[in-house]
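What follows is a set of notes on a single structure, which appears directly below.
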Amino acid sequence: MTKIKNCMNRRNFISKGLAGIAGAVAFPHIGFMGTACKRVGEGEGRKLVYRTLGKTGIKLPIVSMGTMDAISEALVRTALDAGIRHIATAQYYAEGRAEEFVGKIIKNYKREDIILATGVIPQPIDYRAGVFSKDTDISRFEREFEGSLRRMDTDYVDFFYLPFSAKKESVTFEPLMKSMEGIKKAGKARFLGIGSHSFVPEAVRAAADSGFYDVAMIAYNFQIKDIEERKEAIAYAASKGMGIVAMKTITGESWMAGKQKAVSNPKAALKWVLQNENIHTAVPGFTTFDQLETDLSIMEDLTLTPEERKYLELARVNHKDSLFCQGCGTCLEQCKIAPDIPTLMRCYMYAYGYRDLAAAARNIESVKDNPIACADCSSCVVKCRMGFDIKDRAVDIIRLRDFPSEFFA
Ligand code: SF4
Ligand code: SF4
């Protein structure tokens, strides 16, 4: 640690790997992309495809909007004007600035025309075990939710998610369920849901069986290893009336990262997701008008072209360049001295995929074990299911720990 720390400063941190991200630390461009925009909506004869989110009865276009890497007010307004209705944000995106950003935009619309979702991470959280801690601070959870409403300047959200729900125990963790029920009864959330990145089939089935949750937002993309189990769990939940929202649809690569990687084909990836009719809507992020146009255009025809099929097949077998950690846990058994590897890999995705260094840094703080074990290791014994070079990525991303929080402000 000392060795790393001593040779670090902001400038050489940036020059040694996370190149170019400095200017992209959490929402740096907000307000700077208000240039002339193409009109990309129904008004131009665009076909929008709708699906209903189970028993919520809410009918949405199959393309919605994630805000983890949203950067332009003009772009989001264009998306809404084009017919997108659902905005998914979270208290932990860009330290709450994503919610402020969303709040500023939705002021220009009738509140009832927008389907707004947010989520609050209970603290402390054990990502590695996939369960919420018995020490979960419920009053903090509720305070943070009130903060979300304040930042968005709204009295209620349509969907309130419990993010990082994983094992059944976390989905049915009573103190949190009670708290969420109180929020719903107070009229501050119309529907309750889980968000899940790992142990997804177990989490989705538990949510459906509980009868408590109305929606599930889950990681779902063509590279996922347990995709058949996920499909079955989703079908089960949908048959019980749950609404299903897909996130991480383009395998953790943001459109920005996609620009840097010639192999990326987000259009094919998104089409593949939405071919499953039990996915009611997806929340890809987009950062340019062209990307929005592409997202909307998939509704014209969800059929994969021969080229797109070929891309998906190739990317399925050759995915070591992907940024998406499956959360499969295969690595955990292989190294006893490593930090929480899946969390580190997720941080790597936040930094390189979403360009959100603040989210990456915050998640690294949650890794309790000695995070420089990897730096001191001569060779890595871990065989990642995705083929990631674990040591390389871990050593790269843990450098974020050496920076003061002001660096990310
Ligand atoms: S480099 Fe690999 S083997 Fe070494 S601590 Fe890190 S994960 Fe474990
Ligand atoms: S083996 Fe690879 S994909 Fe699976 S949890 Fe570990 S880092 Fe993620």
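Coordinate-derived values only; no laboratory data. No experiment lies behind these values; they were computed from the predicted model shown. In this analysis, Cβ positions are derived from the backbone assuming ideal geometry, glycine residues included, and neighbour counts consider all displayed protein chains.
Return the distance in nm (one decimal) between the two label points of a simple spin-label model at Arg401 and Lys383, each offset 7 Å from Cα along Cα→Cβ.
Going from the Arg401 label point to the Lys383 one covers 2.8 nm.
Ranked by Cβ crowding within 10 angstrom, fewest neighbours first, how are Ile218, Ile227 ordered?
Lowest to highest Cβ neighbour count: Ile227, Ile218.
Taking the Cα centre of the stretch 31-315 as origin, work out the dipole magnitude from +1 charges on Lys and Arg Cβ and -1 charges on Asp and Glu Cβ, in debye rounded to 20.
So the magnitude is around 240 debye.
Please list, in chain and number order, the residues 5+ apart from Phe132 or on another chain whose amide H is under 5 Å from its amide H, with Hs placed from the backbone.
Residues meeting the amide H criterion: Ser170.
Quick one: Karplus J couplings for the stretch 184-197, per residue in order, coefficients 6.51, -1.76, 1.60, θ = phi - 60°, nearest Hz, x for Gly and Pro?
Couplings: 5, 4, 6, x, 8, 9, 6, 9, 10, x, 10, x, 9, 10 Hz.
Can you find, among Ala361, Ile337, Cys377, the residue farthest towards the positive end of the dipole of the stretch 322-382? Put +1 on the C-beta of Lys and Arg, -1 on that of Asp and Glu.
Ala361
For labels at Asp135 and Arg97 in the simple 7 Å Cα→Cβ model, what's the distance in nm?
Going from the Asp135 label point to the Arg97 one covers 3.0 nm.
Over the stretch 45-203, what is the mean sequence separation of C-alpha contacts under 8 Å (at least six apart), divided by residue count, expressed as relative contact order in percent?
18 percent.
Between Glu169 and Ala74, how high is the FRET efficiency from 1/(1 + (r/R0)^6) when r is the Cβ-Cβ distance and R₀ = 60 Å? Nearest 0.05.
0.85
Using 5 Å bins from zero, what percent of all Cα-Cα pairs in the stretch 31-315 falls into each bin?
Answer for the stretch 31-315: a P(r) of 1, 6, 13, 17, 20, 18, 14, 8, 4, 1, 0 percent.
What order do you get for Met217, Met349 when you list them from fewest to most C-beta neighbours inside 10 Å?
Ascending Cβ contact count within 10 Å gives the list Met349, Met217.
Apply the Debye scattering formula to the stretch 46-173, with a single equal point scatterer on each alpha-carbon and no solvent, then give log10 I(q)/I(0) at q = 0.11, 0.14, 0.21 Å⁻¹.
Taking Cα atoms of the stretch 46-173 as identical point scatterers yields -0.43, -0.67, -1.23.
Quick one: Glu146, Glu95, fewest Cβ neighbours within 10 Å first, how do they rank?
If I rank by nearby Cβ atoms, fewest first, I get Glu146, Glu95.
Quote to one decimal, in nm, the extra length available between Gln123 and Lys107 on full extension: 0.36 nm per residue of separation minus the C-alpha distance between them.
Between Gln123 and Lys107, full extension yields 2.7 nm more.
Could you sort out which of Lys55/Lys178; Lys104/Lys225; Lys168/Lys248; Lys110/Lys248 sit more than 31 Å apart by Cα distance in this structure?
Going by Cα-Cα distance, Lys104/Lys225 fall outside the 31 Å limit.
Just list whichever of Lys167/Lys271; Lys271/Lys383; Lys134/Lys167; Lys59/Lys240 have alpha carbons separated by over 21 Å in the model shown.
Long pairs (Cα-Cα over 21 Å): Lys167/Lys271; Lys271/Lys383.
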